[in-house]
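**Q** First the structure, which I've put down as C-alpha cells, then a few questions once you've had a look.
What follows draws every value from the coordinates through simple rules; no lab data is involved. Nothing here was measured: the structure is a model prediction, and the numbers come from that model. For neighbour counting, all protein chains shown are included, and Cβ atoms are generated from backbone atoms with ideal geometry for every residue, glycine included.
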Amino acid sequence: MNTVIRRTLAGLVTTAALTGSILGAVTPAHAGSGSAPGYDISALARANENKGSCQTNSLGGIGFQGPNESSCSGNAWCADFAGWAWANAGNHSIDVTGLTQGSWTFYNYGKNHGTLHTDTGYQPQVGDAAVYNVTSYDSNGYATYSDHVGLVTLVNANGSIEVTNGNFSDKVMTNAVPASQAPVGSYQSAQGNTISAYVTPVGKVGQALAKNGVGLYGWTTESDPDVRAVAADGGVQMILSSNGTVYAKTSIGTYGWTRESDAGARAIAVGSDGTQMIIGSDGQVYAKNSIGLYGWTRESDTGVKAIATSGGVQMILGNDGTVLAKSGIGLYGWTRESDAGAKAIAVGYDGTQMIIGSDSQVYAKNSIGLYGWTRESDTGIKAIAAGYDGTQMILTNDGTVLAKSGIGLYGWTRESDAGVSAIATNGGVQMIIGSDGQVYAKNTIGLYGWNRESDAGVKAIAVGSDGTQMIIG
C-alpha cells in the first residue's frame, strides 16, 4: 500500500465493556492499550456543540443520522445525536444494534449487552450514555419510556462530569454536573432530569484470526464470530468474547482456547513475560501469569478504564485519567506517574512507557516513578503503540501514522498518508488498519512500504513480541 487509504477517525484495539460474574469468587464487572475509545466519542460529540438539529455536522453531513432516524425528522432528537456519535466513533467499531430514536433504547441496549449501570456506586466513564427519567418498564424489566439521553464527555478527578446533549434548546449543548449529582438516582440540576442509568458502548464482534509473518493472507481462523477484543504477546494469545468471557492459548490454530473467567470482563492485555491483565465489570484490575481457569489476583480498587503490560511493567489508566504503574503481580503497590487527564497508555518490552496527555500530546519515559515524562510530539495525537525493540508509533487526528525508535522530542518518521484507523507494533512488526478496513504490515520504519495482509472488514489488530499477529475479521 503506497498511499495508505484516506479517512479520519481512529481507535486502536477494540475493547468491550460487559458486566456479569467474573473470576468465580470475585464480584463481577473498555479500554484497551493505546487509545481510549470513549475519548473518540467525546471529541466527536463536543465538536458539534451549538449545532442545530439540521445543520452541517463536523463530519460534513446534514444533521445527526442515528441508527433509526435523522435529527432532521422534526422529532425530539437527543437519541439521534447520541446514536450518531456512537455509530461514527472509533472507525465505526461500536455496535449500535437495537438503538432507535427512543432514548430508552439505550437503557435496553445496556441490559442486552451487560453494560447497564444502575448501581449508585458506579463511576461514569467518558463515552457512556446517560439515560434520564426512565418511568416505565415491561414485565421483563426493559424500559418503555425515558425523557432524555446524553453522552458523558468529561470525567474529572473530583468525580464531577460533563454531559453533552442533543436537543437542548434545539442545539447540542454540554452541561457540567457536580460530583454530588453524578451518582445514579441523583437529580442533575444542569440537565433538569434525574439520572436513571449509565450505559457503556460495546464493540462489534467478529472472528479471531492469527498468523506469523508479514504477507498477504495466510490467516488461520481461531474462533467463532463472537470476539470483541484480541491481545498477543509472550507467546500468549487472549480473546474477549461478546459476553466478556476471557480465553487464552499459546499456539496458532483453530480453536483450542482455555476459558479463564466467567462472563463480564471489560478489557484484556498480555505482556512479553506472559503476564495477563483484565479489567472486571467492577472496574478493578486482575492479573496472573499462567493460562487456566480463574487464578486471578486482584490488583486494584474500582475505577480503571485502560490497562497495558509488557517487559514486566504493568500500567493502568484511572477513570479520571491518572496513570499508575508497577512491576510484579499483587494487590496494590502502584506508583502514581501522572496527574489526571491522560487519555491513553502503552508500554513496550524494553520498558518504554507512552501516554497521551490531556493536551493530546505524547509523552514517554522508561522507568516507573512520579512524573519524569519527556514530551515527544505536538498536540493532535489519538493513538499510541510501543513495541519490543523500542519502536514507538503514533496516530494523528487525521489518521497519519508516524514512527521512531528512542525517547525524545520529535524525530518522527511519517509512514503513511492520512486515513489510518488503528495501529499496533511489537516484535519488529508494525500493523495498521486502513480506512478500507484492510490490514497492512511491515517491519521497518520509513515512508510507505506497507504490505497488504487482508481483505476489508477488519475491526481490531494486535501483534506479539514473537511476531504473532491477530485480527478480528
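**Q** Please say if region 415-473 is rounded, prolate or oblate, where rounded means a/c under 1.5 for a ≥ b ≥ c the square roots of the C-alpha gyration tensor eigenvalues, and otherwise the choice is prolate for a/b larger than b/c and oblate otherwise?
**A** oblate
**Q** Using helices alone, I'd like the mean residue ellipticity at 222 nm for the chain: each DSSP H run of four-plus residues gives -39500 (n - 2.57), total over residue count, nearest 500. Mind showing how you got there, number by number?
**A** On the way: 3 runs with 31 residues, N = 473.
Result for the chain, helices only: -2000 deg cm²/dmol.
**Q** Could you please report the charge total around Trp257, scoring K, R as +1 and D, E as -1 over all other residues with beta-carbon less than 13 angstrom from its beta-carbon?
**A** Details: positive: Lys249, Arg259; negative: Glu222, Asp224, Asp226, Glu260.
So the surrounding residues net to -2.
**Q** Then there is this: What ranking do 148-156, 446-454 get when scored by the average of other Cβ atoms within 10 Å per residue, highest first?
**A** 148-156, 446-454
**Q** Let me check I've understood the local charge: for Gln469, count other residues with C-beta under 11 angstrom from its C-beta, Lys and Arg +1, Asp and Glu -1. What total comes out?
**A** -1
**Q** To continue, here is another question. State whether region 114-212 is rounded, prolate or oblate according to the following rule on the C-alpha gyration tensor (a ≥ b ≥ c being the square roots of its eigenvalues): a/c under 1.5 gives rounded; otherwise a/b larger than b/c gives prolate, and the remaining case gives oblate.
**A** Cα axes put region 114-212 in the prolate bin.
**Q** Could you rank the peptides 179-188, 318-327 by their average count of other C-beta atoms within 10 Å per residue, with the highest value first?
**A** 318-327, 179-188
**Q** Let me ask another. Take His92 and Asn212, extend 7 Å from each Cα along the Cα→Cβ direction, and tell me the distance between the two endpoints in nm.
**A** Label-label distance for His92 and Asn212, simple model: 3.5 nm.
**Q** What number comes out for the charge environment of Met277, summing +1 per Lys or Arg and -1 per Asp or Glu over other residues with Cβ under 14 Å away?
**A** So the surrounding residues net to +1.
**Q** Show me the three semi-axes of the equivalent ellipsoid for region 37-199, from the C-alpha gyration tensor (sqrt of 5 times each eigenvalue), largest first, rounded to whole Å. Mind dumping the intermediate values first?
**A** Working: eigenvalues 94, 65, 44 Å².
The three semi-axes for region 37-199 are 22, 18, 15 Å.
**Q** Pull the list of the chain cysteines that no other Cys approaches to under 4.7 Å, Cβ to Cβ.
**A** If one checks each Cβ against the other cysteines of the chain, Cys78 turn up with nothing under 4.7 Å.
**Q** Can you work out ³J(HN,Hα) from phi for every residue in region 86-103, in order, using Karplus 6.51 cos²θ - 1.76 cosθ + 1.60 and θ = phi - 60°, giving whole Hz and x for Gly and Pro?
**A** Listing the rounded values in order: 4, 5, 9, 7, x, 6, 6, 8, 8, 6, 10, 4, x, 7, 9, 6, x, 4 Hz.
**Q** Still on this structure, I have one more. Taking R0 as 25 Å, what FRET efficiency do you get between Thr220 and Ala456 from their Cβ-Cβ distance, rounded to the nearest 0.05?
**A** For Thr220 and Ala456, the calculated efficiency is 0.85.
**Q** Okay, moving on. Taking square-rooted eigenvalues a ≥ b ≥ c of the alpha carbon gyration tensor, is region 243-292 rounded, prolate or oblate, where a/c under 1.5 means rounded and, failing that, a/b exceeding b/c means prolate?
**A** Because a/c hits 1.5 or more and a/b fails to exceed b/c, region 243-292 counts as oblate.
**Q** What residues qualify as long-range amide H neighbours of Gln55, i.e. H under 5 Å apart, gap of 5 or more or another chain, H built at 1.01 Å from N?
**A** Gly63
**Q** Still on this structure: Which far-off residues, 5 or more places away or on another chain, put their amide H under 5 Å from the one on His148, with H placed in the peptide plane?
**A** Those lying under 5 Å, H to H, from His148 are Tyr132.
**Q** So how do Leu59, Leu209 line up by other beta-carbon neighbours within 10 Å, fewest first?
**A** Fewest to most other Cβ atoms nearby, the residues stand as Leu59, Leu209.
**Q** For region 298-381, state which chymotrypsin sites (Phe, Trp or Tyr not before Pro) are in a DSSP loop and have at most 16 other beta carbons lying within 10 Å of their beta carbon.
**A** Tyr332, Tyr371
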